[in-house]
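K.L.:
Take a look at this one; I'll ask things after.
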Amino acid sequence: MSVDYGASTTITTSVQSGALSLTAGATSTILVSALEIGKTGKTYLVNVYRNNVAQATPTFSPVAGALSFGDTVTITSAGADRIHYTTNGIDPTTSDPSVVSGGTVTISSAVTLKALAVKSGSDNSVVGSAAYTQSQSANLSSLALSDVTLSPSFAGGTYTYTSTAVANAISTTKVTATGAGVLQMSINGGASTTISSGVQSGTLSLTAGATSTVLVSLTETGKATTTYAVGVYRNYAQLTTPTFTPNSGAIALGVTTIQIDSDVGSTIYYTTDGSTPDTGDLSISTGATIALSSVANPIKAIAVKSGYENSSVGTSGTYTQSQSANLSSLALSDVTLSPTFAGGTYT
């Protein structure tokens, strides 16, 4: 046998020969001759093409990560005839769609892009792979709601807020948001309204005695929506001003009870020293009673109930201390009273 018409080597029938070197990227010609004594020889010719080394593994730009849907990814394998690719996570074959080296593929959803480079005369490349997700729209640079205090204070990377309860008199709020892309707002899952960056919106109605959820969203082309949520609690109407029974008049200190009333379920905070009451003062449930130890000052009281506005201060009338009952008789031994005893005469 010989290769590429080099020197011949004798081989043994049915026994594997020594190695013959094949040239990469070329056709090597192997000759095998059979000779019997006294007979014409026969020669067999085998042409063997050995591929070049494998084509370079495809690379991607951008390499992977988040991008705007609709953006393109460039796939490169220098010198490749074609680059076949898939976007379903399955390794590509030469039956799949292809681009030339430096060609682009449009990304319109979250995908794993895989690519196989092929070149005539070379082994196919190793499969290259890159995963892509959708970029998030930029954060707002500012967000404010009229008559509402956000908690915590606004920061672009914080997306959920509450607020201190707003007065029952505050029945609406307006949104002012600043950011790129399309801005929209809604309340309590209702229809969205487009608003302008940095411009105060129209009104959103707040429900009394409930938390209204205001959503403000920002969407940039091809990017995922960024949404901010603000929970705004609007108080019920103000509680009824407390009343007192009895409201004034003569009472027995420590004995006579005075009932203080307001709305059902409210707590009554009261003072008896003339000061204005607050939630740090003595308290009773509405409809309960107290007894006074002094009539120097009127009773003052407010009603408090969660979710409602505190009542105005109620002030009782003037109380006086009751007089003890008159004696029904009075006599001193060996003494004649003048005038004659009467219960209402004290001297």
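The values are calculated or read from the model by the stated rules, or taken from the named source; none is laboratory data. Keep in mind that this is a model prediction, so the values were computed, not measured. Glycine also receives a Cβ, built like all others from the backbone with ideal geometry; neighbour counts cover every protein chain displayed.
K.L.:
Could you check region 239-257 and list, in sequence order, the residues that are buried (at least 16 other Cβ atoms within 10 Å of the Cβ), modelled with pLDDT under 95 and not in a loop (DSSP other than H, G, I, E, B)?
P.N.:
Of everything in region 239-257, just one residue is buried (at least 16 other Cβ atoms within 10 Å of the Cβ), modelled with pLDDT under 95 and not in a loop (DSSP other than H, G, I, E, B), namely 251.
K.L.:
Taking the conditions exactly as written (within 30 Å of residue 84 (Cα to Cα), outside the structural domain of residue 24 (by TED's automatic domain parsing) and out of contact with any Phe, Trp or Tyr (no Cβ under 8 Å at 6 or more places or on another chain)), does residue 122 satisfy them or not?
P.N.:
The answer is yes for residue 122.
K.L.:
Taking only pairs six or more apart or across chains, which ones have beta-carbon atoms under 6 Å, a first residue in region 56-82 that is among the charged types (D, E, K, R), and a second residue that is surrounded by 14 or more Cβ atoms within 10 Å (Cβ to Cβ)?
P.N.:
Going by the 6 Å Cβ cut-off, the qualifying pairs are 71/107; 81/118; 81/119; 82/98; 82/118.
K.L.:
Report, ordered by the first and then the second residue, all pairs with beta carbons closer than 6 Å, sequence separation of six or more or different chains, a first member in region 256-277 that is under 14 Å from residue 299 (Cα atoms), and a second member that is in a loop (DSSP other than H, G, I, E, B) and of a type in the set (Asp, Glu).
P.N.:
269/281; 271/281
K.L.:
Within region 167-174, is there a residue that is without any contact (Cβ under 8 Å) to a residue 40 or more places away in the chain, within 30 Å of residue 300 (Cα to Cα) and surrounded by 13 or more Cβ atoms within 10 Å (Cβ to Cβ)?
P.N.:
Within region 167-174 (the criterion being without any contact (Cβ under 8 Å) to a residue 40 or more places away in the chain, within 30 Å of residue 300 (Cα to Cα) and surrounded by 13 or more Cβ atoms within 10 Å (Cβ to Cβ)), the answer is no, since none of the residues qualifies.
K.L.:
Follow-up question, since we're still on this one. Among the residues of region 115-140, count how many are under 14 Å from residue 76 (Cα atoms) and within 36 Å of the chain's Cα centre (by Cα).
P.N.:
Here the count works out to 3.
K.L.:
Can you tell me which residue within region 154-190, out of those that are hydroxyl-bearing (Ser, Thr, Tyr) and in a loop (DSSP other than H, G, I, E, B), is modelled with the lowest pLDDT?
P.N.:
It comes out as 164.
K.L.:
Can you tell me which residue within region 22-68, out of those that are of a type in the set (Lys, Arg) and in contact with a strand residue (DSSP E or B) (Cβ under 9 Å, 6 or more places away or on another chain), is farthest from residue 122 (Cα to Cα)?
P.N.:
Filtering first and then ranking leaves 42.
K.L.:
For region 97-123, which residues satisfy the criterion of being under 14 Å from residue 58 (Cα atoms), buried (at least 17 other Cβ atoms within 10 Å of the Cβ) and in contact (Cβ under 8 Å) with a residue 60 or more places away in the chain?
P.N.:
Passing the criteria: 117, 118, 119.
K.L.:
Looking at residue 149, is it touching an Asp or Glu at 6+ places or on another chain (Cβ under 9 Å), among the β-branched types (Val, Ile, Thr) and at negative phi? Walk me through how you get there before you give the answer.
P.N.:
Numbers: touching an Asp or Glu at 6+ places or on another chain (Cβ under 9 Å): no; among the β-branched types (Val, Ile, Thr): yes; at negative phi: yes.
So residue 149 fails the test.
K.L.:
Moving on to the next point. Has region 302-311 got at least one residue that is modelled with pLDDT under 95, among the acidic types (Asp, Glu) and not in a loop (DSSP other than H, G, I, E, B)?
P.N.:
Yes, region 302-311 contains at least one residue that is modelled with pLDDT under 95, among the acidic types (Asp, Glu) and not in a loop (DSSP other than H, G, I, E, B).
K.L.:
Against the condition in a loop (DSSP other than H, G, I, E, B) and in contact (Cβ under 8 Å) with a residue 24 or more places away in the chain, how does residue 94 come out, does it pass?
P.N.:
yes
K.L.:
Right, another one. With the structure loaded, tell me whether residue 80 is at pLDDT 95 or above, in a loop (DSSP other than H, G, I, E, B) and among the small types (Gly, Ala, Ser) or whether it fails that test.
P.N.:
On the way: at pLDDT 95 or above: yes; in a loop (DSSP other than H, G, I, E, B): yes; among the small types (Gly, Ala, Ser): yes.
Yes; evaluated as a whole, the condition is true for this residue.
K.L.:
Do we have residue 33 as in a loop (DSSP other than H, G, I, E, B), among the polar types (S, T, N, Q), touching a residue at least 24 places away in the same chain (Cβ under 8 Å) and not assigned by TED's automatic domain parsing to the domain that holds residue 112 here?
P.N.:
Here the answer is no, as residue 33 does not meet what is asked.
K.L.:
Output the residue which, of all residues in region 202-221 that are among the hydroxyl-bearing types (Ser, Thr, Tyr) and touching a Ser or Thr at 6+ places or on another chain (Cβ under 7 Å), is surrounded by the most Cβ atoms within 10 Å (Cβ to Cβ).
P.N.:
217
K.L.:
Could you tell me which residue of region 270-298 is nearest to residue 246 (Cα to Cα), considering only residues that are assigned to a strand (DSSP E or B) and touching a Phe, Trp or Tyr at 6+ places or on another chain (Cβ under 9 Å)?
P.N.:
290
K.L.:
Now for a different question. Please verify whether region 9-21 includes one or more residues that are exposed (fewer than 15 other Cβ atoms within 10 Å of the Cβ), touching a strand residue (DSSP E or B) at 6+ places or on another chain (Cβ under 9 Å) and assigned to a strand (DSSP E or B).
P.N.:
Within region 9-21, none of the residues are exposed (fewer than 15 other Cβ atoms within 10 Å of the Cβ), touching a strand residue (DSSP E or B) at 6+ places or on another chain (Cβ under 9 Å) and assigned to a strand (DSSP E or B).
K.L.:
Is it true that residue 129 is within 30 Å of residue 56 (Cβ to Cβ) and of a type in the set (Ser, Thr, Tyr)?
P.N.:
yes
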